[in-house]
Amino acid sequence: MALSNTLRFIANHPVNQRSKLAALKRYFRWQIGSRLLSGQVVHEWVNGARFLVRAGETGLTGNIYTGLHEFEDMGFLLHFLRADDLFVDVGANVGSYTILAGAAVGARCYAFEPVPDTFARLVDNLRLNHLDDRARCVNVGVGAEDGELWFSSDLDTVNHVLAAGEISAEAVKVRVASLDSLLGDESPALIKIDVEGFETPVLDGAQVVLSRSSLRAVIMELNGSGTRYGFDEQKILARMADYGFGTYSYNPFGRALVNLRGKNVDSGNTLFIRDEASVLARLRAAPRVEILGASF
């Protein structure tokens, strides 16, 4: 079942619509090649960006198969960000979004990743792209206040803060800090939050950042995982609305924003936008992106 779902995702991905056979060949080439080669390989990506990838890294291998694993949101980042912007990646994992922001666009970046082994992979990817002078990586979890929390560390892209009563054989204790304290006076234009259900404490600790006029958009994963902590996603939507953010999806090919009036039920991520007119003007003025024969 997992294989059929993966192949369906690859075949139906927007970038692959005109070249489904080529996309499936990329999948099987990687599956065979990654078993023959030990260690990691360098994959040439978009606009000169690159990443180090090895077998089993779900997000990165998705980029190999489809160009942009999360097409709508990654396409939004590529069209929205400019070189003088600051991008903040909360739950950066091994760095897909930070690589796009820093290497493909040239923006400054902060990348926060709590799990030590994953953080080491993130650092390797940013060094590969020579982002030492534009990206600051911090091995820290993001929450409501300074402290420590236990995280899972063996679940690839879905590592998370352990809930009360949750047991993990590979648990690690990690320093946690609020986004307001971590960023200080910095003023991001775009934030990505991917914390597997821990969004509510992240927002609790980001009241100053969310109020800054520079912040026009937030890409936030809302997939129901917050129930493990007793959090309600409807309250997140209401809180973001209080800061002036509406909910949208994005079509990179048409450079069109679609007002959702609720979370995105067709994707794990929801795009929050403030000042729609200025954001749309930015999106439409961005240079075209070329990847795997697709142009948008």
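The values are calculated or read from the model by the stated rules, or taken from the named source; none is laboratory data. None of these values were measured; they are calculated from a predicted model. Using ideal geometry, Cβ is built from the backbone for each residue, glycine included, and neighbour counts are taken over all protein chains shown.
Each row is one residue, and each column tells you yes or no for (1) of a type in the set (Val, Ile, Thr); (2) closer than 24 Å to Asp275 by Cβ.
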residue: Thr66; (1), (2): yes, no
residue: Glu72; (1), (2): no, yes
residue: Gly75; (1), (2): no, yes
residue: Leu78; (1), (2): no, yes
residue: Asp85; (1), (2): no, yes
residue: Asn93; (1), (2): no, no
residue: Tyr97; (1), (2): no, yes
residue: Leu100; (1), (2): no, yes
residue: Tyr110; (1), (2): no, yes
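Filtered by the rule that a residue be over 21 Å from Asp89 (Cα atoms) and charged (D, E, K, R), the range 160-179 gives Glu166, Glu170. Might you check whether a residue that is out of contact with any His (no Cβ under 6 Å at 6 or more places or on another chain), acidic (Asp, Glu) and either under 26 Å from Ile64 (Cβ atoms) or surrounded by 17 or more Cβ atoms within 10 Å (Cβ to Cβ) (or both) occurs anywhere in the range 248-268? So far as the range 248-268 goes, yes, one or more of its residues are out of contact with any His (no Cβ under 6 Å at 6 or more places or on another chain), acidic (Asp, Glu) and either under 26 Å from Ile64 (Cβ atoms) or surrounded by 17 or more Cβ atoms within 10 Å (Cβ to Cβ) (or both). Criterion applied to Arg216, Arg239, Arg212 was being in contact with a Pro (Cβ under 8 Å, 6 or more places away or on another chain), under 24 Å from Glu186 (Cα atoms) and charged (D, E, K, R), and the one residue passing it is Arg212. The strands (runs of 3 or more DSSP E) found entirely in the range 43-151 that carry 1 or more residues being buried (at least 18 other Cβ atoms within 10 Å of the Cβ), more than 15 Å from the chain's Cα centre (by Cα) and free of Cβ contacts under 8 Å to residues at least 24 places away in the same chain are 50-53. When Arg274, Arg261 are screened for being among the basic types (Lys, Arg) and modelled with pLDDT under 95, only Arg261 passes. Exactly one residue out of Val218, Val209, Val195 is more than 16 Å from Leu271 (Cα to Cα) and crowded, with 22+ Cβ neighbours inside 10 Å: that is Val209. Filtered by the rule that a residue be under 20 Å from the mean Cα position of the chain (by Cα) and more than 11 Å from Arg239 (Cβ to Cβ), the range 203-217 gives Gly205, Val209, Ser214, Leu215, Arg216, Ala217. What are the residues in the range 190-228 that are of a type outside the set (D, E, K, R) and closer than 19 Å to Gly95 by Cβ, if any? Those that are of a type outside the set (D, E, K, R) and closer than 19 Å to Gly95 by Cβ: Leu190, Ile191, Ile193, Val195, Val202, Val218, Ile219, Met220. Residues in the range 17-32 that are in contact (Cβ under 8 Å) with a residue 24 or more places away in the chain and under 17 Å from Leu60 (Cβ atoms) were compared, and the one that is surrounded by the fewest Cβ atoms within 10 Å (Cβ to Cβ) is Trp30.
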